[in-house]
1. Checking PRO258 against (1) more than 24 Å from the chain's Cα centre (by Cα); (2) at positive phi: exactly one of these is not met. Which one?
2. If a residue must be surrounded by fewer than 19 Cβ atoms within 10 Å (Cβ to Cβ) and assigned to a loop (DSSP other than H, G, I, E, B), how many such residues does region 182-197 contain?
3. Return yes or no: is PRO118 within 30 Å of ALA300 (Cα to Cα) and either surrounded by fewer than 18 Cβ atoms within 10 Å (Cβ to Cβ) or not assigned by TED's automatic domain parsing to the domain that holds LEU295 (or both)?
4. Which of the residues spanning region 176-201 are touching a strand residue (DSSP E or B) at 6+ places or on another chain (Cβ under 8 Å) and charged (D, E, K, R)?
5. Within region 39-62, can one find any residue that is assigned to a helix (DSSP H, G or I), modelled with pLDDT of 90 or more and under 20 Å from ALA143 (Cα atoms)?
6. Considering every residue within region 2-14, establish whether at least one is touching a residue at least 60 places away in the same chain (Cβ under 8 Å) and loosely packed, with under 13 Cβ neighbours inside 10 Å.
7. Regarding region 211-233, can at least one residue be identified that is polar (S, T, N, Q), out of contact with any Phe, Trp or Tyr (no Cβ under 9 Å at 6 or more places or on another chain) and at pLDDT 85 or above?
8. Go through (1) part of a helix (DSSP H, G or I); (2) in contact with a Leu (Cβ under 9 Å, 6 or more places away or on another chain) and name the single condition LEU95 misses.
Amino acid sequence: MKLTLDQLRYLVALAEEGSFTRAAERVYLTQPALSVQIRKLEEALRTRLFDRRKGTLTEAGRVAVAQARRVLEEVERLRLLVQGEAACFQGPFRLGVIPTLAPYLLPRLLPELKARFPRLSLSVREELTPGIVRGLEEGSLDAGLVGTEERHPGLRAEPLFTEAFWAYVAPGHPLFEREAVHPLEIPLEDTWVLAEGHCFRDQVLSVCRPSLGGRSVEFQSGDLETLVRLVDAAGGLTLLPEVALWTLSPAQRTRLRPLSPPGAGRTVYLLFREGSLKAPLLRALAEEVRRAFALLRSNARAQESAMMGAEVRHDQG
């Protein structure tokens with residue numbers, strides 16, 4: 001019995017979804033039909049690939065999935081070689097984005113990509129940096145947007161933009177009265193931070209003054225918006241990347257303080273596999289990300305100027 005490329009695609013979908021029901025929806029089959037195809041693949045390879053009782057891949061299944069991804073990638077490489085550069089801008093493209101970028105950048109980025117490349121089937125998933133690296137290495141992702149310069153064999157990181165960190169300080173905190181905040185003045189025990197595993201957490205911890213005491217409330221979040229709400233409701237402060245500032249209300253923007261001396265921040269990178277035949281699309285994606293960030297920065301500065309103008313008019317009145 002011969003195996004087919006479709007069967008390999010079904011196996012990869014099952015591995016990534018972890019469920020026959022979700023995988024069947026993804027590949028537009030009924031669940032019984034998908035189960036039949038996986039069983040035929042198992043018969044062709046003469047081994048069990050999926051433990052239906054546990055709902056997990058077997059060891060042979062994990063080996064088969066890794067090889068299936070390589071086979072399917074080579075098939076895609078063949079298509080791109082034959083059809084030329086135009087083929088890069090159509091078909092599937094899978095992008096991973098870290099959580100401290102996704103809710104701020106994607107609303108600006110995705111409409112532009114959809115308008116510019118209408119034949120591109122874009123799949124985006126929010127992932128921590130290790131998950132994006134793993135997805136690129138395994139072949140389940142084509143590119144990733146990350147906040148650290150990752151150095152791994154076979155992967156390349158292209159810098160896209162650099163952004164500053166801002167302190168978001170609750171009224172009543174001693175630092176609220178400052179026009180600017182020195183990083184070493186930021187007490188870690190007063191600072192709300194992201195949960196472990198987020199690269200932004202490590203970047204914040206490297207900026208703040210070492211903790212001199214414990215917190216009365218210890219909470220770690222995976223969401224910057226939650227940290228902002230905690231500052232609003234419970235006091236203290238947090239640090240925000242520049243890309244997140246445009247979502248703040250006018251009242252919230254009065255709680256922002258720049259860091260002085262400047263320098264604390266991060267560079268955002270496009271991470272992808274070396275030698276990718278989708279290089280033209282990757283260049284276009286990098287261009288659109290830079291444009292989206294420039295627009296966010298422009299809008300944030302316009303909001304700041306409008307607030308300053310309103311304050312001047314109020315004082316004059």
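The values are calculated or read from the model by the stated rules, or taken from the named source; none is laboratory data. The structure displayed is predicted, hence computed values, not measured ones. Note that each Cβ is placed from the backbone with ideal geometry, even for glycine, and that neighbours are counted across all protein chains shown.
1. Failed condition: (2).
2. Selection size over region 182-197: 4.
3. yes
4. In the first step, residues of region 176-201 are kept if they are touching a strand residue (DSSP E or B) at 6+ places or on another chain (Cβ under 8 Å); the result is 176, 178-188, 190-196, 199-201.
Hits for region 176-201 are ARG178, GLU179, GLU185, ASP190, GLU196, ARG201.
5. The answer is no; no qualifying residue exists.
6. Yes.
7. Initial filter on region 211-233 (polar (S, T, N, Q)): 211, 216, 220-221, 226.
Subset that is out of contact with any Phe, Trp or Tyr (no Cβ under 9 Å at 6 or more places or on another chain): 211, 216.
Cutting the leftovers down to at pLDDT 85 or above gives us none.
No, region 211-233 has no match at all.
8. (1)
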